[in-house]
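See below for the structure under consideration.
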Amino acid sequence: MKLLSPRGFGVTCASLAVAAGLAVAGCADSIDGTPTANQAEATSYKAEAASSSAAATSSRRAAAEAKAIADNCDPFRDTTGPAVSRYNEFVDAHDANAGDYAAKRDTAVNTIEDAAKTVETRVATAGDTLPPDLAQKFNDYVTAARALAAEARKMSYTSPVGPLNDASKKVNDALNAVRNACPAR
């Protein structure tokens with residue numbers, strides 16, 4: 001049997017019979033010469049490998065970003081909702097000069113600060129996988145929530161409400177900015 005090597009050199013091979021009726025081809029001669037790579041094919045292969053690697057990296061990056069967005073956006077309403085509710089209960093108690101005013105204020109402050117810390121931790125955990133513009137919206141909420149907690153902490157029955165209302169507006173704006181930037185669930 002005569003075979004051609006990839007470089008066109010002729011090689012003579014002999015077939016050997018095996019007891020089970022299978023034939024095995026074995027080559028008795030070696031090929032002289034130096035192997036060389038086809039540079040055009042090698043360059044093409046390297047370009048394909050680089051392109052494939054870039055696509056895989058891009059796909060991993062997109063998956064990490066989608067996870068970071070979901071990890072931050074999905075729980076946002078559940079994290080901030082109780083803070084809004086406790087704050088509104090505090091405002092109602094303040095407006096009514098209710099006896100449990102101070103307790104509701106303290107509960108509101110703690111709940112707002114807890115929400116801010118939770119959001120801040122999630123953003124930090126996501127790191128650079130969270131799109132920068134969305135991360136900034138979350139950070140704006142954290143800053144506004146902490147400012148609202150600080151203003152609420154200062155409140156007494158006779159305190160002016162202007163600074164509290166301003167801080168509340170900033171939190172509402174920050175909440176809406178995040179909600180509008182996050183995909184609908």
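Could you state the accessible area per residue of region 94-185 in Å², with a 1.4 Å probe and every protein chain left in place?
55 Å²
Only Cα pairs under 8 Å and at least 6 apart count here; give the relative contact order of region 108-185 as a rounded whole percent.
Once divided by the residue count of region 108-185, the mean separation gives 37 percent.
Please list, or write none, the aspartates and glutamates whose alpha carbon is within less than 20 Å of the alpha carbon of residue 117, excluding same-chain residues fewer than 8 places away.
Cα-Cα hits under 20 Å: 71, 74, 78, 106, 128, 133, 140, 151, 173.
Once fully extended, how much extra length lies between residue 66 and residue 96, figured as 0.36 nm per residue of separation less the alpha-carbon to alpha-carbon distance?
Value of the extension gain: 6.3 nm.
Leaving out ligands, DNA and RNA, what percent of the accessible area of region 57-185 is carbon and sulfur, probe 1.4 Å?
Carbon and sulfur together cover 51 percent of it.
Applying a 10 Å radius around every beta-carbon, put 91-103, 143-155 in order of their mean neighbour count, most first.
143-155, 91-103
Treat every Asp and Glu Cβ in region 58-108 as -1 and every Lys and Arg Cβ as +1, leave all other atoms uncharged, and give the resulting dipole magnitude about the Cα centre to the nearest 20 debye.
Computed about the Cα centre, the dipole is about 360 debye.
What share of all Cα pairs of region 79-138, in percent, falls into each consecutive 10 Å distance bin?
24, 36, 23, 14, 3
Report the Cα-based extents of region 53-104 along its three principal axes, largest first, to the nearest Å.
The Cα atoms of region 53-104 stretch 66, 13, 11 Å along the principal axes, largest first.
The values are calculated or read from the model by the stated rules, or taken from the named source; none is laboratory data. Predicted, not measured: the structure shown is a model, and the values here were computed from it. A quick note on method: Cβ atoms are made from the backbone with ideal geometry, for glycine too, and the neighbour counts reach across all protein chains shown. Each accessible area value is taken on the protein alone, full model and side chains, heavy atoms only, with ligands, DNA and RNA left out. Shrake-Rupley method; radii C 1.70, N 1.55, O 1.52, S 1.80 Å.
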